[in-house]
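The values are calculated or read from the model by the stated rules, or taken from the named source; none is laboratory data. Model, not experiment: these values are computed from the prediction. Positions of Cβ are backbone-derived with ideal geometry, glycine not excepted, and every protein chain shown enters the neighbour counts. All accessible areas refer to the heavy atoms of the entire protein, side chains included, with ligands and DNA or RNA removed. Shrake-Rupley method; radii C 1.70, N 1.55, O 1.52, S 1.80 Å.
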Amino acid sequence: MNYIVLDLEWNQCPYGKSREEERLPFEIVEIGAVKMNEQKEIIDTFHILVKPIVYRRLHYRTQEVITLSMEDLQMSGLIFPEAVGKFLIWCGEGDDEFCFCTWGTTDLTELQRNMAFYYMEDLLPGPIYYEDVQKLFAITFETRKERRALEYAVDFLKIEDNGEFHQALDDAVYTARVLSFIPDEIIDRNYSIDCYQNPRTREEEIKVRYDTYEKFISREFVTKEDVMADKEVTALRCFACGRNARKKLRWFSDNGRNYFAVGYCEEHGYVKGKIRVRRAVDGAFFAIRTTKLIGEAEVDKIRGKQLSLRAKRQKKGRK
């Protein structure tokens, strides 16, 4: 299996959100990638410019980040369907299996969104299992929750750089070099899942166990209320043994998108549940639930959050 280390640059509407194309808020203008073998050795590179069709003027933020001009893109770029077609062929040349690797969580989402705009999403079916090198760097060298810029990781690992960042191929190369420092066992145990193309049926639902937590990704529902009425979505089981935990704090919402609960396992202690309700591309809803073991200090913190929210609602109701 090969690793495809991907980096994208994109443009957005230069005239503000009111004139934005709803189905394509970010239009890809450059694709850079590195192909690595299982020994994490670079064996090939890919680079292509994409000719903008939707936004034909660069947003000022895009101009600040990338070195390309609109003239460069119009003169040298291919239209997106041709560019992504060449890229996907390159990824799987010789019918080689491959795994995408990115710095952070956004590149694969935007790649699929751009493909969906041109009705090409079937060429890259999801959910996509991939490696988030930014997360892997944090797990290996810092803390699991830390998220650093690519420039920081390059400097931290004393990787030689040419001073150029935010160019797709350069950033892909830097990301690949960071990946080469990550032990195989951390890569294997901490893969990520992109849910731009989310599970649609009960049979497609995903349950993954990591070292410190479990993740469940549900099928689609018509409404948020339907999501939270599903018994599997709101199940609270011990991360360590899988048995049902006795609920200490029932599910409550902090903002309508995130829900929290606390249970207790007689053998392993307190279990925290978190549900994030997300909107699917087709307008339906699905849930991502995580469960992990916690201590009494975090239980008190969650209970405090619940009491604070309850007090705010009561105060608002008296007005």
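Overview of values
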read-out: Rounded accessible area of Asp300 (nearest 10 Å², 1.4 Å probe); value: 90 Å²
read-out: GNM top mover of Lys158, Lys215, Lys224 - the chain, alpha-carbon springs below 10 Å; value: Lys158
read-out: Estimated inter-spin distance, Leu123 and Glu203, nm [label 7 Å along Cα→Cβ]; value: 2.8 nm
read-out: Nearest-0.05 FRET efficiency for Glu296 and Arg19, computed from C-beta distance (R0 51 Å); value: 0.45
read-out: Proximal charge balance of Asp161 [Cβ under 13 Å; K/R count +1, D/E count -1]; value: -4
read-out: About the Cα centre, charge dipole magnitude for the chain (Lys/Arg +1, Asp/Glu -1 at Cβ), debye; value: 3340 debye
read-out: Cα-centre dipole for segment 66-198 with unit charges at Cβ (Lys and Arg positive, Asp and Glu negative), debye to 20; value: 480 debye
read-out: Given Lys215/Lys248; Lys86/Lys215; Lys274/Lys312, the pairs whose alpha carbons are separated by over 23 Å; value: Lys86/Lys215
read-out: Largest-first ordering by accessible area, 1.4 Å probe, given options Glu38, Glu71, Glu142; value: Glu71, Glu38, Glu142
read-out: Mean separation of Cα contacts under 8 Å (6+ apart) over length of segment 182-263, as relative contact order %; value: 16 percent
read-out: Fraction of beta bridges assigned by DSSP in segment 8-148 that are antiparallel (%, nearest 5); value: 75 percent
read-out: Selected from Glu22, Glu146, Glu82 as most flexible by GNM, with the chain as the system and alpha-carbon contacts under 10 Å; value: Glu22
read-out: Using a Förster distance of 35 Å, the FRET efficiency for Tyr213-Ile79 (Cβ separation, nearest 0.05); value: 0.25
read-out: Probe 1.4 Å - accessible area at Leu169, Å² to nearest ten; value: 50 Å²
read-out: Exposed chymotrypsin sites (Phe, Trp or Tyr not before Pro) absent - longest run of the chain, DSSP non-H/G/I/E/B, at most 16 other C-beta within 10 Å; value: 214-319
read-out: Translational D in µm²/s for segment 79-163 (Stokes-Einstein at 4 °C, 1.567 mPa s, Kirkwood Rh from C-alpha pairs); value: 87 µm²/s
read-out: Theoretical gain in end-to-end length, Arg57 to Asn37 [0.36 nm per residue, Cα-Cα removed]; value: 3.4 nm
read-out: Crossing angle, helix 168-179 versus the chain [Cα axis fit, 0-90 degrees, rounded to tens]; value: 50 degrees
read-out: Accessible surface of the chain, 1.4 Å probe, proportion on carbon and sulfur as whole %; value: 46 percent
read-out: Diffusion constant of the chain at 25 °C, which comes from Stokes-Einstein with the Kirkwood Cα-pair radius and 0.890 mPa s, µm²/s; value: 112 µm²/s
read-out: Selected from Val178, Val50, Val154 as most flexible by GNM, with the chain as the system and alpha-carbon contacts under 10 Å; value: Val154
read-out: Relative contact order computed over segment 241-289 (Cα-Cα under 8 Å; 6+ residues apart), in percent; value: 26 percent
read-out: Rounded tilt (10° steps) of 107-117 against the dominant C-alpha axis of the chain; value: 80 degrees
read-out: Estimated FRET transfer efficiency when R0 is 30 angstrom, pair Tyr264-Leu309 (beta carbons, to 0.05); value: 0.90
read-out: Computed accessible area, Ile4, all protein chains, 1.4 angstrom probe, square angstrom; value: 0 Å²
read-out: Distance from segment 110-151 to segment 275-297 (C-alpha centre basis), Å; value: 18 Å
read-out: Helix 80-91 axis, angle to the chain major axis (alpha carbon atoms, nearest 10°); value: 80 degrees
read-out: Dipole magnitude of segment 18-59 about its Cα centre (Cβ charges: Lys, Arg +1; Asp, Glu -1), debye to nearest 20; value: 240 debye
